[in-house]
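Each remark here refers to the structure printed beneath this line.
The values are calculated or read from the model by the stated rules, or taken from the named source; none is laboratory data. Computed from a prediction, not measured in an experiment: that's the story for all the values here. Because the Cβ atoms are built from the backbone with ideal geometry, glycine has one as well, and the counts that use them run over all protein chains shown.
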Amino acid sequence: MPPASPAARRRVVVRFKPDVNLPYNATAVEKLLDQAGHDWSEISNPHPGTRFGLLFPRIDPVRLKSYEQLTPAVGHRPFRFTSYFVVDCPPNVSADDVVERLDAWQSVEKVYVQPGAAPPPSSVLATNDLLSHLQGYLDCAPDGVGARWVWNNTPANGTGVGLVDLEQGWELNHEELASAAIPPPIYGLNYLHHNHGLKVLGVVRASDNDRGIVGIAPRCGVRVVSPWTCRSTPCPDHTDPCEHDYNVAEAIVEAVHASHRGDVLLLEAQTGMLGSSCYAVEPWLPVEVEDVVRDAIILAVTNQIVVVEAAANGNVDLDAFTRGTDRILDPTPCNDAFCDSGAILVGAAKTAALTAEEKLRSRLGTSNYGNRVDCFAWGRGVQTTLQFPGSTALNEYGDLFAETSSAAAIVAGAAVLLQSWRDTIGEPRYTPARLRELFRDPTLNTASHSASDRIGVMPNLKAIIESELAALAMVHHLPRRYQGDAARLLHDRNGTPILEPLREHLAKLDPAERDLAVALAALDLADQAQRKSIAKRLRKAARRILKDARKKPKHGR
């Protein structure tokens, strides 16, 4: 990593209240000065060189406005990306003082100092560590996610499904990636940590050829996006990250624009606390802790893009983590500070015991944990493409990929492969919510060593597909126009199959109780149905059942 400047620039992120009507262009500064008057001078006068600007300067404002017309999910505020601005603070300007002054403005809803760039959520393990077998993460449960079983039993291989990998850099000419013809970044620079991006893409997309390894979804389409951009053109010092902008939210929004319904967006990034340079410092945290990044993730999920996010490598209990006094990552009911981004948050587990005391599939010591973490995968000994230090060779491999970076890459590959399977059987791709439910279902997937790990479960593609096929078989005799509703109604709101358990339960009840249970179930399903005709029939059936249950039995019955 290039050295940081001794005195780092800071960026203060500002979100104005909904009633503040600023144009999202260069004239916003002038209008702000008109509205704020002496308030802005109280910031700019003691802090010369401080500049007010757009947080999303490279995205068409018309497109940003279009996102604000989307209907937010329940519990989420409307999208207001054009309410986000930044104050660039030159070296030796106190960003904390700027935040304090802006926070006093009546028009400001939220203001904070952006922590800056963080290294990708990964580390390289020593070559003499005892690592697992070559690509064991492809094996069936409980060892891996079951990609080999999918290849051997279905036509799925990733064809037609898109993956966007968000991180800081890549080596795209490796022999396993060259045939994929991955284009330049959708947004940002192919800038730092190229070996990290190479490892990630190897896990997901390494070609199915006669060399090296094979990716989990070797035929998927791949695009890349980076949070790094030049601060000015031409760039005066292309080697110094502190003279560049690092904007994860803008990169996500651009990735959304380049993706299609059911595609997968992999966030190979983490953030941290404010440091003394342009870089964030430990403890490392998932990127959704930053408000504007979480909003961008919610935008992706609203557009039916599956977001897979590394939980980060800070050894942090996310349930207890606080921003101010708010537990923003604790999904406990009645915690109003929590806002669910909809991303699949991935922790990391040990996949080979290095000592007699270590337990297989126990939480890797660096992985964050908590009830917000949906699932886990291999956090050690992941065989993939790479370049050894000092090498420029394009045909090297190793099992040195680790932590939540490797785990998130594996889960993203599993998500792409599962969406590909849906394509091959002619069914709609999973929504982000449904796929997350499947990946964190403890009845289908592989548990970690202990419930105290709090890293969720490891996806088991074989069990998921077999369970889904059984559910589909129950509805395929129906007219096609009813199949989508029927398939969805066979599961409860948590994604758990309910038809067979319901049949078993009803068989044990006496007739009066059974009638009441069936009527109540019909009313509940009517509330979930998307087609009005289905809901109407269910409610009519419920009324008939309840009416018949109140009648006295006829003589002789």
Problem set entry | Selection status of Gln387, in contact with a Gly (Cβ under 7 Å, 6 or more places away or on another chain), surrounded by fewer than 24 Cβ atoms within 10 Å (Cβ to Cβ) and either outside the structural domain of Ala73 (by TED's automatic domain parsing) or more than 21 Å from Ala451 (Cα to Cα) (or both) | no
Problem set entry | Matching residues in the stretch 65-97 - criterion: being aliphatic (A, V, I, L, M) and either closer than 20 Å to Asn45 by Cα or outside any loop (DSSP other than H, G, I, E, B) (or both) | Val86, Val87, Val93, Ala95
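Residue under question is Val203, and the condition is that it be modelled with pLDDT of 95 or more, surrounded by 24 or more Cβ atoms within 10 Å (Cβ to Cβ) and farther than 16 Å from Ser406 by Cβ; does it hold? Lay out the reasoning, then the answer.
Numbers: modelled with pLDDT of 95 or more: yes; surrounded by 24 or more Cβ atoms within 10 Å (Cβ to Cβ): yes; farther than 16 Å from Ser406 by Cβ: no.
Criteria not met by Val203.
Yes or no: the stretch 161-168 includes at least one residue that is assigned to a loop (DSSP other than H, G, I, E, B), modelled with pLDDT of 95 or more, surrounded by fewer than 24 Cβ atoms within 10 Å (Cβ to Cβ) and not basic (Lys, Arg).
no
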Exercise. Here are some conditions: (1) closer than 27 Å to Cys230 by Cα; (2) at pLDDT below 90. His76 meets all but one. Which one does it not meet?
Worked result: (1)
Problem set entry | Output for the stretch 126-140, where each listed residue is modelled with pLDDT of 90 or more and surrounded by fewer than 19 Cβ atoms within 10 Å (Cβ to Cβ) | Asp139, Cys140
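Has the stretch 51-63 got at least one residue that is more than 37 Å from the chain's Cα centre (by Cα) and in the same structural domain as Asn92 (by TED's automatic domain parsing)? Break it down into steps so the answer makes sense when it comes.
We begin by selecting, within the stretch 51-63, every residue more than 37 Å from the chain's Cα centre (by Cα); these are none.
No, that holds for no residue.
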For this session: Show the residue pairs that are 6+ apart or on different chains and have beta-carbon atoms under 6 Å apart, the first residue being within the stretch 275-303 and among the basic types (Lys, Arg), the second being outside any helix (DSSP H, G or I).
Result: Arg294/Ser341
For this session: Out of the residues in the stretch 451-464 that are farther than 12 Å from Val373 by Cα and modelled with pLDDT of 95 or more, state the one that is surrounded by the fewest Cβ atoms within 10 Å (Cβ to Cβ).
Result: Ser452
Problem set entry | Search result, residues across the stretch 208-232 that are assigned to a loop (DSSP other than H, G, I, E, B) and either buried (at least 21 other Cβ atoms within 10 Å of the Cβ) or in contact with a Lys or Arg (Cβ under 7 Å, 6 or more places away or on another chain) (or both) | Gly215, Ile216, Ala217, Pro218, Cys220, Ser226, Pro227
For this session: Considering only residues that are at pLDDT 85 or above and either under 32 Å from the mean Cα position of the chain (by Cα) or surrounded by fewer than 13 Cβ atoms within 10 Å (Cβ to Cβ) (or both), look in the stretch 22-50 and name the one that is nearest to Arg231 (Cα to Cα).
Result: Gly49
Problem set entry | Flag if Leu318 is within 25 Å of Gly215 (Cα to Cα) and either crowded, with 24+ Cβ neighbours inside 10 Å or in contact (Cβ under 8 Å) with a residue 60 or more places away in the chain (or both) | no
Problem set entry | Within the stretch 293-308, considering residues that are closer than 27 Å to Arg9 by Cβ and in contact with an Asp or Glu (Cβ under 9 Å, 6 or more places away or on another chain), the one surrounded by the fewest Cβ atoms within 10 Å (Cβ to Cβ) | Arg294
For this session: Name every residue in the stretch 396-445 that is surrounded by 21 or more Cβ atoms within 10 Å (Cβ to Cβ) and on the phi > 0 side of the Ramachandran plot, in order of residue number.
Result: Glu403
